[in-house]
Amino acid sequence: MSMAPTSSVHDDHAKPWETVRRGLLLLVSSPAGAGKTSLSRRLAADYADLILSISATTRPPRPGEEEGREYFFKTREAFMAMAEAGELLEWAEVNGNLYGTPRAPVMATLDAGKDVLFDIDWQGARQVAEKAREDSVRVFVLPPSWSDLSRRLHARAQDGEDIIRQRLELGKREIAHWSEYDYVIVNKDFDRAYADLIHIYRAERMKPGRNPWLPGFVQELEDEA
């Protein structure tokens, strides 16, 4: 798990009674190149109570990626041992590589009243939502056009043409699952898409069911009236 900064410009209005709350699982998905990773990492950096879930994967590291920051890089044998031991909250095979979420750090964070942010594909989001329906909020990020998605994948210069072609084919299948999500963001402009993601996150945090301090607080208001 990756801990966001301990302070945040968005915590100015925090009150002591707001610290007693139930965490949520924010699941952000998109086809490769549509922006879910950039959006997720900026949100985690800006909100101290939002912890970015780090997945395990069998794919090799890309240039600049580090163990425990982008992923926990595992051999296929080690990954399957984790899956068979029940140590993964979800896992799936994508483009020949295995991806999964270690269960223990996610549940510990949720129990501590903090939120967990997932940069995750639709299969993983579905599995997590099935196991933690009341705690899960699913957001799907769409590209503004298919040509824009292709351009972004080529501009990253991280993969060969065959891999890019595979990612685009996979993207078609991923987009077909958009209706399973609670919210959909079209990432035409990054700043606007990021603002939309912030609004979703803040609104979900304010739901009464995630704030068990509310009844007592309302009772205090009524007693003062």
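Shape of the stretch 9-209 from its Cα gyration tensor (a ≥ b ≥ c, root eigenvalues): rounded if a/c is under 1.5, otherwise prolate when a/b > b/c, or oblate? Oblate, since a/c reaches 1.5 and b/c is not below a/b. Each helix, a run of at least 4 DSSP H residues, gives -39500 (n - 2.57); summed and divided by the residues of the chain, these come to -12500 deg cm²/dmol at 222 nm.
Efficiency by 1/(1 + (r/R0)^6): what FRET value for A112 and E220, r their Cβ-Cβ distance, R0 = 25 Å, to the nearest 0.05? E between A112 and E220, to the nearest 0.05, is 0.50. Result for the chain in a Gaussian network model with C-alpha springs under 10 Å: among A193, A155, A132, the largest mean-square fluctuation is at A155. Of L117, L52, the sequence from fewest to most neighbouring Cβ atoms within 10 angstrom is L52, L117. The length gained by stretching the chain between E180 and R59 to full extension, at 0.36 nm per residue less their Cα-Cα distance, is 40.9 nm. Once the C-beta distance of N95 and K188 is scaled by a Förster radius of 30 Å, the resulting FRET efficiency is 0.70 to the nearest 0.05. Under 10 Å, Cα contacts only: if you run a Gaussian network model on the chain, which one of D189, D119, D46 comes out with the highest mean-square fluctuation? Judging by the Gaussian network model, the answer is D189. Across the chain, the mean sequence separation of Cα contacts (distance under 8 Å, 6 or more residues apart), normalised by length, yields a relative contact order of 29 percent. When a/c is below 1.5 the answer is rounded, else prolate if a/b is larger than b/c, else oblate, so apply that to the stretch 50-114 with a ≥ b ≥ c taken from the square roots of the Cα gyration tensor eigenvalues. The shape class here is oblate. Taking the square roots of 5 times each eigenvalue of the Cα gyration tensor of the stretch 129-199, largest first, gives ellipsoid semi-axes of 25, 17, 10 Å.
Pairing the Cα long axis of helix 36-46 with the longest principal axis of the chain, what angle in degrees results, from 0 to 90 and rounded to the nearest 10? It is inclined by approximately 30 degrees. Cβ-Cβ distance of T75 and N211, R₀ of 41 Å, FRET efficiency by 1/(1 + (r/R0)^6): the value works out to about 0.45.
Here, each number is a calculation from the coordinates, and none is a lab measurement. What you see is a predicted model; the values in this text were computed from it and never measured. Note that we place each Cβ from the backbone using ideal geometry, even for glycine, and neighbour counts take in every protein chain shown.
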